[in-house]
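Undergrad: Sending over a structure as structure tokens; questions will come in a sec.
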Amino acid sequence: MAHHNPWPDEGNTGHIWDEDLRELDNPAPLWWMLSFYAGFVMIVFYAIYYPTIPLADSYTKGVAGWTQVGEYHEDFKVLKDWRQAKFADKEEKLAALSVDEILKDDDLKAYAVATSKVLFGDYCAGCHGAGGQGNPNFPVLADDDWLWGGKPAQIQAALVNGRVGNMPAKGMMGNLNDQEIEQVADYVIALSEGKADDAAYAAGKAVYAKGMCLACHGPVGKPLAPAGAANLTDGIWRFSGDRDDVVAVIKYGVNVKKAGELIPGTKQAYMPSFKERLPNADVNIKRLTVYVHALGGGQ
Ligand code: HEC
Ligand code: HEC
């Protein structure tokens with residue numbers, strides 16, 4: 001930087017580098033200054049209009065009353081209103097028609113199935129699995145094997161009333177001993193394998209009669225009408241086909257209570273009613289009935 005200034009009159013600041021590189025003292029361009037001041041005005045405007053300044057345990061709210069979550073809700077409502085308007089006629093039809101009528105209308109049926117997936121995920125998948133494929137101790141819905149029946153009315157009833165499985169421990173009269181329980185367990189497993197007529201299972205077959213299993217499971221392991229009892233002949237296990245598990249079900253039953261408490265070892269089988277649990281339950285129970293009916297192959 002030179003101390004001598006060879007250009008005293010051009011308005012430079014006296015800072016000179018490399019012989020002739022000078023810093024001039026010009027005013028900033030007008031457009032730049034205006035934007036600069038406009039920036040200040042905007043800061044003041046923003047500070048008054050929007051929530052801005054953090055305080056000890058709150059913040060200045062701004063005169064606009066704007067909040068991020070408020071904006072989100074407004075946008076969401078626009079989307080919801082749009083959707084509602086778009087599908088209003090279909091939703092009205094779902095509300096007005098019975099499940100049987102919905103099933104006859106392919107278009108409406110497809111709509112019910114498509115709009116059930118989220119609902120099923122939120123309210124059913126926790127127990128029945130994401131695709132209705134079941135979970136340990138929770139029945140598969142995506143097959144054609146039903147405890148309570150796969151007709152639309154039966155599925156709908158499951159949702160409206162809930163379902164509670166009931167099987168007494170140690171046979172209908174509770175009078176089977178451990179050896180008999182083992183024998184009848186082997187007979188039940190043989191039933192599922194189609195070998196129940198073998199002489200080896202004659203003792204178990206007699207216990208099946210003594211325990212009055214047929215009252216619920218039918219004379220040959222197939223319930224005469226769906227009323228909650230498992231089909232023992234089809235190799236599809238409600239709980240498990242493991243011999244220990246089969247023995248345990250027969251020994252401790254399902255939902256067996258003593259003095260109001262479930263006894264140790266008893267299987268739990270409890271499906272709550274969804275009449276009060278589901279939002280917009282009237283329509284959504286029909287919707288899910290159509291969905292589950294489709295999952296189960298639709299008989
Ligand atoms: C808390 C767990 C749970 C939830 C949540 C649940 N279920 Fe169930 N569901 C069960 C159990 C357990 C059974 C078997 C009841 C029995 O053993 O008799 C069952 C049975 C059923 C049945 C009868 C199955 C048959 O074989 O006859 C249907 C249909 C059904 N559930 C549909 C649904 C739908 C649809 C939802 C969602 C709205 C749902 N469930 C939510 C536990 C649940
Ligand atoms: C009062 C009716 C009733 C009687 C009597 C009864 N059961 Fe059951 N049983 C049921 C019901 C209901 C279920 C299904 C429980 C569920 O899934 O909620 C079941 C389930 C079973 C299962 C489990 C099947 C599977 O798929 O996992 C076996 C095994 C079984 N019963 C065997 C027997 C035997 C053997 C007897 C006679 C000693 C018997 N039951 C007597 C109602 C009965």
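The values are calculated or read from the model by the stated rules, or taken from the named source; none is laboratory data. The structure presented is a predicted model; accordingly, all values stated were derived computationally and were not measured. All Cβ positions, even for glycine, are placed from backbone atoms using ideal geometry, and neighbour counts span all protein chains on display. For accessibility, only protein heavy atoms count, side chains too; no ligands or nucleic acids. Shrake-Rupley method; radii C 1.70, N 1.55, O 1.52, S 1.80 Å.
Undergrad: Checking W148 against (1) open to solvent by less than 20 Å² (accessible area, probe 1.4 Å); (2) within 11 Å of ligand 2 (Cβ to nearest atom), only one condition comes out false. Which one?
TA: Result: W148 fails condition (1) only.
Undergrad: Any idea which residue in the stretch 121-143 is surrounded by the fewest Cβ atoms within 10 Å (Cβ to Cβ), counting only those that are closer than 25 Å to C213 by Cβ, within 10 Å of ligand 1 (Cβ to nearest atom) and in contact (Cβ under 8 Å) with a residue 12 or more places away in the chain?
TA: N137
Undergrad: Right, next: I'd like to check something: does the stretch 270-289 contain any residue that is open to solvent by 80 Å² or more (accessible area, probe 1.4 Å) and part of a strand (DSSP E or B)?
TA: Yes, the conditions are met somewhere in the stretch 270-289.
Undergrad: I'd like the residue in the stretch 244-269 that is assigned to a loop (DSSP other than H, G, I, E, B) and farther than 20 Å from L147 by Cα and, out of all such residues, is farthest from ligand 1 (Cβ to nearest atom).
TA: Top of the filtered list is A259.
Undergrad: Here's something else I'd like to know. Could you name every one of the helices (runs of 4 or more DSSP H) located completely within the stretch 163-243 that has at least 2 residues being open to solvent by 80 Å² or more (accessible area, probe 1.4 Å) and over 29 Å from N135 (Cβ atoms)?
TA: Qualifying helices (runs of 4 or more DSSP H): 178-192, 202-210.
Undergrad: So, K93, is that one open to solvent by 70 Å² or more (accessible area, probe 1.4 Å), more than 16 Å from ligand 2 (Cβ to nearest atom), in contact (Cβ under 8 Å) with a residue 40 or more places away in the chain and of a type outside the set (A, V, I, L, M, F, W, C) or not?
TA: So K93 does not fit the description; no.
Undergrad: Could you list, ordered by first residue, the pairs with Cβ atoms under 7 Å in which the first is in the stretch 242-269 and near ligand 2 (Cβ under 9 Å from one of its atoms) and the second is part of a loop (DSSP other than H, G, I, E, B) and among the hydrophobic types (A, V, I, L, M, F, W, C), at least 6 apart or interchain?
TA: Listed pairs, sorted by first residue: D245/F239; V249/F239; G253/A169; V254/A269; N255/A269; K267/F239.
Undergrad: Working only within the stretch 82-121, note down all residues that are within 16 Å of A281 (Cα to Cα) and among the acidic types (D, E).
TA: E91, E92
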